[in-house]
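A.B. asks: First the structure, which I've put down as structure tokens, then a few questions once you've had a look.
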Amino acid sequence: MGILVLLIWLYLFLAHGRFWLSRPELPAALPAEFPDVDVIVPARDEAATIGPVMASLLAQDYRGRFRVTLVDDASTDGTAAQLTPAANLNVIRLQTKPAEWSGKLWALHQGVMAVDAPLLLFSDADIVHDSRHLASLVAKLEQSRADMVSEMVRLNCTSWAERALVPAFVYFFQMLYPFARVNNPRSPVAAAAGGTVLIRREALQRSGGIEGIRNSLIDDVALARAVKKSGAIFLGHSGLAVSIRRYEHFADIWHMIARTAFTQLRHSTGLLALTLLGMVLLWWIPVLLALLGHGWQSILALGAFALSAVSYLPTLTRYRRNYLWAAALPLIALFYMAATLGSAVNYWRGRGARWKSRAYGTG
């Protein structure tokens, strides 16, 4: 067992797309050309964040023509009322949603149908953008000749719960979808981070449009898979955009994970069991063998634990967290395991998770 866990971590560290390096990061840049861009922001009950988000988008330093469209998805808190009218701002108000559509995708679909630019930027309603961001995204799209560019924006990391769990969320996402493999056209791995997605309209149409993924709860990954079937995609980290959504308490992060974790596993009990077993093998077997084993068994387990801790350091650096958090990774993994199991229990009980007063993932 000691040899097994060490071999697993050697593979992850050396051959799994170097996921732990926490890169690439999109640099600030100017494109050679400035095509028209339509920015679409789906929003439901986002009055607390929409003001600074829309102000940052309207203030983009972009030499081409761009418009910002807010699609208000039947908000009950006066989201659209927080906005100041602007020449390049359009607001679409929705009152209903078809049963077969997820709320965000229905809003995106309505926004796409209402605009006509060759490039589309999808932005979540909690992302504040540096004024250079749109130009940098377009520059990357042109330079890489990709059909879609998306970013893992910098997540909020101020509350105790966020400091403990948010860097690990990014770390686990990188492990699940190594960015180097996502960006490799020859690799079948496809993923995106839905907070910021720049896509060519023709590529969106070629992949089946938003309608093709209309009931997906993990819409960013579903879109990336559809686009990568016929074109290149790019996924990186962002130094030019930050999420201002707060997760004040551990329960808030629990609900965020439980909303889609079992969906990610395709509601499969077998995949759930394999996932939990794998996480025990990765995070807890090395600890238990290091503490309770003897001789070489303990040494091999310590080697596996050391590799796991070292692999977390670049993500901790990105979030300016103390390196001692690496020693707590098994406990953090236990939280994510419990939330994933909780997601399955919700599904089996027919409850699902609730997000913006809508139920998701019910069995």
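The values are calculated or read from the model by the stated rules, or taken from the named source; none is laboratory data. All figures in this text were calculated on a predicted structure; none of them were measured in a lab. Neighbour counts run over all protein chains shown; Cβ positions are idealised from the backbone, glycine included.
A.B. asks: For the stretch 304-339, give me each residue that is outside any loop (DSSP other than H, G, I, E, B) and among the hydroxyl-bearing types (Ser, Thr, Tyr).
C.D. replies: The answer is Ser308, Ser311, Tyr312, Thr315, Thr317, Tyr323, Tyr336.
A.B. asks: Please state which one of Ala135, Ala164 is among the hydrophobic types (A, V, I, L, M, F, W, C), part of a helix (DSSP H, G or I) and closer than 18 Å to Val242 by Cβ. Talk me through it step by step, then tell me what you get.
C.D. replies: Values: Ala164 fails: closer than 18 Å to Val242 by Cβ.
Just a single option satisfies the conditions, and that option is Ala135.
A.B. asks: Could you tell me which residue of the stretch 15-35 is farthest from Ser144 (Cα to Cα), considering only residues that are among the aliphatic types (A, V, I, L, M) and in contact (Cβ under 8 Å) with a residue 40 or more places away in the chain?
C.D. replies: Filtering first and then ranking leaves Leu21.
A.B. asks: Quick test for you: out of Gly212, Gly208, Gly231, pick the one residue that is among the small types (Gly, Ala, Ser), under 25 Å from Asp116 (Cβ atoms) and assigned to a helix (DSSP H, G or I).
C.D. replies: Gly212
A.B. asks: In the stretch 43-64, is there at least one residue being in a helix (DSSP H, G or I), surrounded by fewer than 18 Cβ atoms within 10 Å (Cβ to Cβ), among the aliphatic types (A, V, I, L, M) and touching a helix residue (DSSP H, G or I) at 6+ places or on another chain (Cβ under 8 Å)?
C.D. replies: no
A.B. asks: Let me ask something else. Ala192 fails exactly one of the following numbered conditions: (1) assigned to a loop (DSSP other than H, G, I, E, B); (2) at pLDDT below 95. What is the number of that condition?
C.D. replies: Single failed check for Ala192: (2).
A.B. asks: For residues in the stretch 265-302 being crowded, with 17+ Cβ neighbours inside 10 Å and not hydrophobic (A, V, I, L, M, F, W, C), which is farthest from Ser22 (Cα to Cα)?
C.D. replies: Selected residue: Gly293.
A.B. asks: Just to be sure I understand the filter: pairs with C-beta atoms under 6 Å, separated by 6 or more residues or on different chains, first member in the stretch 151-170 and touching a residue at least 24 places away in the same chain (Cβ under 8 Å) and among the small types (Gly, Ala, Ser), second member part of a helix (DSSP H, G or I) and surrounded by fewer than 22 Cβ atoms within 10 Å (Cβ to Cβ). Which pairs pass?
C.D. replies: Ala161/Phe250; Ala168/Ile332
A.B. asks: Over 15 Å from the mean Cα position of the chain (by Cα) and either buried (at least 20 other Cβ atoms within 10 Å of the Cβ) or at pLDDT 90 or above (or both), is that true of Arg246?
C.D. replies: Yes: the conditions hold for Arg246.
A.B. asks: Looking at (1) under 13 Å from Ser123 (Cα atoms); (2) acidic (Asp, Glu); (3) loosely packed, with under 14 Cβ neighbours inside 10 Å, which is the one condition that is false for Asp38?
C.D. replies: Single failed check for Asp38: (3).
A.B. asks: When only residues in the stretch 256-271 that are without any contact (Cβ under 8 Å) to a residue 60 or more places away in the chain and part of a helix (DSSP H, G or I) count, which is farthest from Ala344 (Cα to Cα)?
C.D. replies: Met256
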